[in-house]
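What follows is a short report on a single structure.
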Amino acid sequence: PNAKDPSGKSLTDSKGNPIPVEAANKFKAGLDALAQHDKAKDWDEASCSATAQIFLDAAKEHEKPFAEAFYDAGLSYQRCKKSADAKAQFQKALDADPKFHPAKTQLLMMAFYEGGEKNIDQAITDMRQTAVVDAQYKNVEALVALAMLYMKRGNNVADNDGASDYQR
């Protein structure tokens, strides 16, 4: 059977596939664990791995690739600076759904930081594509990342989005 929300509507993943009850239950348990550790500020290697595993177990229960579960597993790993594991899960989320812009946002920012924050113009171009074109202004995290990149660059060059990076 498929999971339903309180109104009785079937829960679906980012691609519109119905989520089985067992996958939804594990996914919710993962979200609860993520929130609990964030609140307690008690992340350590064991809690990161255990929380990520809950999401990966949810993904196994889903008949289709489950982008949201891979993404949240990546966030769990990221809490303990397990960048390689986080990156692998974000990529799996994108492989499951190439339009899953939260994972793309994470990967772009990780690449920017790992590259020594040197290629800011390309980072802005890529993040603008993600935040504005792909997400159509609906991904707050991507918009904040884009604003941060604009402020970091600090150009006074006008374009169709404003007179300067600070106005953008």
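General remarks:
- Surface accessible to a 1.4 Å probe, per residue, for the residues of the chain, Å²: 56 Å²
- Accessible-area order (highest first, 1.4 angstrom probe) of the listed residues VAL157, VAL21: VAL157, VAL21
- Surface share of carbon and sulfur [accessible, 1.4 angstrom probe, percent] for the chain: 53 percent
- Potential extension, GLN53-VAL133 segment - 0.36 nm per residue separation minus Cα distance: 25.6 nm
- Positive minus negative residues near GLN167 (Lys, Arg vs Asp, Glu; Cβ under 13 Å): -1
- Segment 112-146 versus segment 11-66: alpha-carbon centroid distance in Å: 26 Å
- Short-range pairs are left out: with C-alpha atoms under 8 Å and at least six residues apart, the relative contact order of the chain is 13 percent.
- The distance between label points at LYS99 and ALA40 comes to 3.9 nm (points 7 Å beyond Cα on the Cα→Cβ vector).
- Between the Cα long axis of helix 101-114 and the first principal axis of the chain there is an angle of about 60°, rounded to the nearest 10.
- Theoretical ellipticity at 222 nm over the chain - DSSP helices of four or more residues, -39500 (n - 2.57) apiece, nearest 500: -19500 deg cm²/dmol
- This model, with +1 at the C-beta of Lys and Arg and -1 at the C-beta of Asp and Glu, gives the chain a dipole about its Cα centre of some 140 debye.
- Hydrodynamic radius by Kirkwood, which averages 1/r over all alpha carbon pairs of the chain, in angstrom: 17.1 Å
- Sites ARG153 and SER83, calculated FRET efficiency, Cβ-Cβ separation with R0 30 Å, nearest 0.05: 0.80
- Computed E for GLN122/ASP5 - FRET, C-beta separation, R0 35 angstrom, nearest 0.05: 0.30
- Sorted peptide list for 23-31, 48-56, 77-85, criterion being average Cβ within 10 angstrom, highest first: 48-56, 23-31, 77-85
The values are calculated or read from the model by the stated rules, or taken from the named source; none is laboratory data. If you're wondering where the values come from, they're calculated on a predicted model, not measured in any experiment. Glycine gets a Cβ as well: all are built from the backbone with ideal geometry, and neighbour counts include every protein chain shown. Ligands, DNA and RNA are excluded from the accessible area calculation, which covers all protein heavy atoms including side chains. Shrake-Rupley method; radii C 1.70, N 1.55, O 1.52, S 1.80 Å.
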